[in-house]
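The values are calculated or read from the model by the stated rules, or taken from the named source; none is laboratory data. The structure displayed is predicted, hence computed values, not measured ones. Cβ atoms come from the backbone with ideal geometry, glycine included; neighbour counts cover every protein chain shown.
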Amino acid sequence: MGLLDGKLIKMLILSYATDEDGMMKGFPIPFPVMYNPEKISKRIRTQYQPSRVPGDAGQEQSFQGIEGDEVSFEFLFDATGASVNSLQGEVAKVLDGVDVQVALFMKLTHSRDPQEHQPPKLTLIWGTFLFECVLVSATIDYTLFNPMGRPIRATINATFKGNFPRVLQAALDKLFSADLTHLRLVKAGETLPLIAEEVYGDASLYMEIARVNGLNNFRELKPGTELILPPLNKQETDA
């Protein structure tokens, strides 16, 4: 993700307790991963509630809200020293086991705060990737053991759910509102009437979009075309 003196920056997990108002208590505790993950898996979810129309056997899906994003990583813990490139790896090699690091990871990401009685809040930092979240699930697999039976290699598949404050959602909704002028890139298969219906709720306003953007042949929109979408409503265009 990021480079520092030619070396790949380690992902850093900051763990911190919060009070009942969601404010940070004390200083965050850093946990640098032993090895950077090979990929980021991202999941987004939109909530819909089935709703029946009186006299209709079908069901409509009523929009309820957008949940915070979820991201998943596979973290490797290794004490064999095969490719030590971190302080965590050096410690694991000296200890001849990864159980201490795994336990510390779980304590910092999952264990409840004794005063607030809730798991810690987390911030994942990896180059330009910054994600405020909580841990929602973790699966630990121990895959290699020393002669004494201690685990010397393990993986943790962890999923984190992002915090998406309602005030931020409101700001984003207003940013892309039809009440403000904004830009939009045409996607494959889109037409002006479809865009007008989606943005303004009125497909007949497509002629106004064409006029504002100086489009003569608006029936053949090329993907990637940048459109200006001004504030429009049916009453103004009919006047």
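A few points about this structure:
- Of all the listed residues (Val134, Val91), the sole one being modelled with pLDDT of 90 or more and either in contact with a strand residue (DSSP E or B) (Cβ under 9 Å, 6 or more places away or on another chain) or assigned by TED's automatic domain parsing to the domain that holds Met34 (or both) is Val134.
- Residues in region 31-62 that are of a type in the set (Gly, Ala, Ser) and either assigned to a loop (DSSP other than H, G, I, E, B) or modelled with pLDDT of 85 or more (or both): Ser41, Gly55, Ala57, Gly58.
- Within region 94-121, considering residues that are among the hydrophobic types (A, V, I, L, M, F, W, C) and at pLDDT below 90, the one surrounded by the most Cβ atoms within 10 Å (Cβ to Cβ): Leu95
- Being at pLDDT 70 or above, in contact with a strand residue (DSSP E or B) (Cβ under 6 Å, 6 or more places away or on another chain) and surrounded by 15 or more Cβ atoms within 10 Å (Cβ to Cβ) is true of Ala154.
- For the condition modelled with pLDDT of 80 or more, in the same structural domain as Gly127 (by TED's automatic domain parsing) and at positive phi, Asp69 does not qualify.
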